[in-house]
Amino acid sequence: LVHARLSTLRSQINPHFLFNTLNAISSLIRKDPEKAREMTRRLSAIFRKSLEDQSDTHTLESELRFLDDYLSIEKVRFGDERLEVVKDLDPDTLEMRLPTLMLQPIVENAIKHGISRLAEGGSIEILSRRARGGVEIEIRNQGPELDSLRLSSLLGRGVGLRNVKERLDIYTCGGGSLDIESREEGGAKVSIFIPDSYERGEALGYP
């Protein structure tokens, strides 16, 4: 039942990502055909990888590789000068297992609600560390200041973040957490915690 539920939730993520990317490609076809072609090539590469890996979970390292492919699409769309990606990753966290495609919707929201609203662009920070008997992952963005009502609506109404939170709850049997808060300097921070007791999915029967 858990496998079936995670697979169903993952199937909601793929179309969400696909439709948003296709809309971006469509908007570029006339004004910048070369960028549209480049985004199409990168999207094809992403889906080849996605078809090769049908598991419900994979390592943080694998998730970050997929995220790099996704961000390469966004950099074509925004330009390297408007989208900077900064990583600060503890090597001891890279073998942690997590639901497949868990970080991509968070980064997508960070770009949509933050970077895209800044004329000069901005940066996305991805951090991972060991703490509290598990692994903490943070994704931070630059952007306009968000009030508490706006932050709560991102978790409640959007498909992406709501889906991620539900899959995390299922995978960790409620032992994990996902929180979002505004940053004093603007933008927001999403914090994810996955306890060691579920890091490799023993409780749910994962290999």
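At a glance:
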item: Built amide H within the under 5 Å cut-off of residue 188, gap 5+; result: 141, 183
item: Proximal charge balance of residue 115 [Cβ under 13 Å; K/R count +1, D/E count -1]; result: -1
item: Probe 1.4 Å, all protein chains present, accessible-area order of 17, 47, largest first; result: 47, 17
item: Net length gained if the chain between residue 26 and residue 92 were fully extended (0.36 nm per residue, minus Cα distance); result: 19.7 nm
item: Potential extension, residue 173-residue 120 segment - 0.36 nm per residue separation minus Cα distance; result: 14.9 nm
item: Other-chain or far-sequence residues with amide H under 5 Å of residue 100's (modelled H); result: 57, 58
item: 5 angstrom amide H check on residue 84, placed H, neighbours 5+ away; result: 122, 123, 124
item: The range 47-78 versus the range 95-116: alpha-carbon centroid distance in Å; result: 10 Å
item: In Å², nearest 10: area of residue 165 left accessible to a 1.4 Å probe; result: 70 Å²
item: Sites residue 18 and residue 130 - FRET efficiency at Förster radius 30 Å, r taken between beta-carbons, to 0.05; result: 0.30
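The values are calculated or read from the model by the stated rules, or taken from the named source; none is laboratory data. Note that the coordinates shown come from a computational prediction; the quantities given were computed from them, not determined experimentally. Cβ: placed from backbone, ideal geometry, glycine included. Neighbour counts: every protein chain shown. The area values use the complete protein model at the heavy-atom level, side chains included, leaving out ligands, DNA and RNA. Shrake-Rupley method; radii C 1.70, N 1.55, O 1.52, S 1.80 Å.
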